[in-house]
Every structure is written in structure tokens, then in C-alpha cells.
């Protein structure tokens, strides 16, 4: 029975990897694989080549702790063709088989490896198209005068400063104006920086005596 490592990744912290893990555990059982490790990167983009769980899995691969790596889909492992092929080349160097459940790809044979390259290239192209559409949409919104990103906070800065100077705590000022303590501190720092007296040079500060 071959030893298998399961690798999962979700892009944001509010997503959950349990669905991927459940699917992979069933798939491993059907293939008669013994699960010896589960590696999960929670809240990491696939565009990042360095990820804690992925790095740990590759270190364990160098120690030959398993013979197979199983992922739910290619894009869980890597978003770019270059990175995916780099990881697969390293796994192949250590004699480790790569399986992708969704694409039903097995790199044990040359045909599987060729298909992996093609699908990875298509996935990378798809991601590039999506990114370009997002940028085009932002450019159009900017030309139309629409707000991009978070709307500016409508707060009375003068009243915030006055409340803080009156002795009200940062927490209470923040609650009153529905803003964070950090923003209150930032507003106070801006006021203090503007109110600092100009620095007088030593020559200007020295008393001037008329010549005799």
C-alpha cells in the first residue's frame, strides 16, 4: 500500500478546507492509499510560491515520508504553470507520484505529465484574463467617477479631536464616532504634527547685540 500526502489550500480565512479534505480522503480510500500526512494552507493565494504547509510537505517529500501527493485540483497546488511544473519536477526527482482528483490526472505515465502541462497553461491563461477584466473594470469605474474600494468615512474630524482633548478615552471616542482607536490616534498625530512650532536655528535664536 502506497503512502499518500494530502495537500489542500483555501485563499481566504473565511473559507474552509474540510470539503477538499473529505473528498481526498474518500478518493485515497478508493485507490487503496494510506494517508500519512495532511497539509493545509489556510488563507494563502495560489500565486504565492512559499506557503507554510506546502514548504513542510516538500521538506517531508525530501525525507521520503510518502510516495504519492494527492490534491483536489491543480490550482490548489499552484496558480502558475512555472510553479506547478517546478513542484512536479521536484516530486518526480524524489520518485513521488502526483495525483489530481478533479482533473483525474496521474503523473505516473508520460501522457499524464503532458496533460498536466497543458491544463496548467490553460489555468494560468484563465487567471490572467480574469485579472485583466478586473483591472479594466476598475479603470472604467474611475473614468465614470465611481468610488473604487472602500468609501471614505464621513466623520467630524474636529469633533473627534475635541473629544479626545477633553479627556475622553480612545475607546470611547472611537465608539462615539464609530471609528477605530487606530484612526483616532492617527488624527491626533496629524494635529500634533501641524501644531509643532517651527525649528529656530541657533544663529536666529542667539541674541543680537549692536556693534560698538
inquiry  = Condition check: assigned to a loop (DSSP other than H, G, I, E, B), closer than 23 Å to residue 127 by Cα and assigned by TED's automatic domain parsing to the domain that holds residue 117. Does residue 16 satisfy that?
reply    = yes
request  = Could you tell me whether any residue of region 48-66 is part of a loop (DSSP other than H, G, I, E, B), closer than 16 Å to residue 99 by Cα and at pLDDT 95 or above?
outcome  = yes
Which listed residue is under 22 Å from the mean Cα position of the chain (by Cα) and farther than 21 Å from residue 30 by Cα, from 63, 79 = 79
remark   = Filtering region 32-46 for residues that are under 22 Å from residue 13 (Cα atoms) and either surrounded by 14 or more Cβ atoms within 10 Å (Cβ to Cβ) or touching a residue at least 60 places away in the same chain (Cβ under 8 Å) (or both) leaves a count of 8
message = Looking only at helices (runs of 4 or more DSSP H) that lie completely in region 94-212, which have at least 1 residues being under 19 Å from residue 83 (Cα atoms) and either at pLDDT 75 or above or outside the structural domain of residue 31 (by TED's automatic domain parsing) (or both)?
response = 110-143
message = I need the full set of residues from region 71-90 which are surrounded by fewer than 19 Cβ atoms within 10 Å (Cβ to Cβ) and either touching a strand residue (DSSP E or B) at 6+ places or on another chain (Cβ under 7 Å) or in a helix (DSSP H, G or I) (or both), in order please.
response = 73, 82, 83, 85, 86, 89, 90
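The values are calculated or read from the model by the stated rules, or taken from the named source; none is laboratory data. Owing to the predicted nature of the structure, the values given are computational and were not obtained by experimental measurement. Neighbour counts are summed over all protein chains in view; Cβ atoms, including those assigned to glycine, are modelled from backbone coordinates with ideal geometry.
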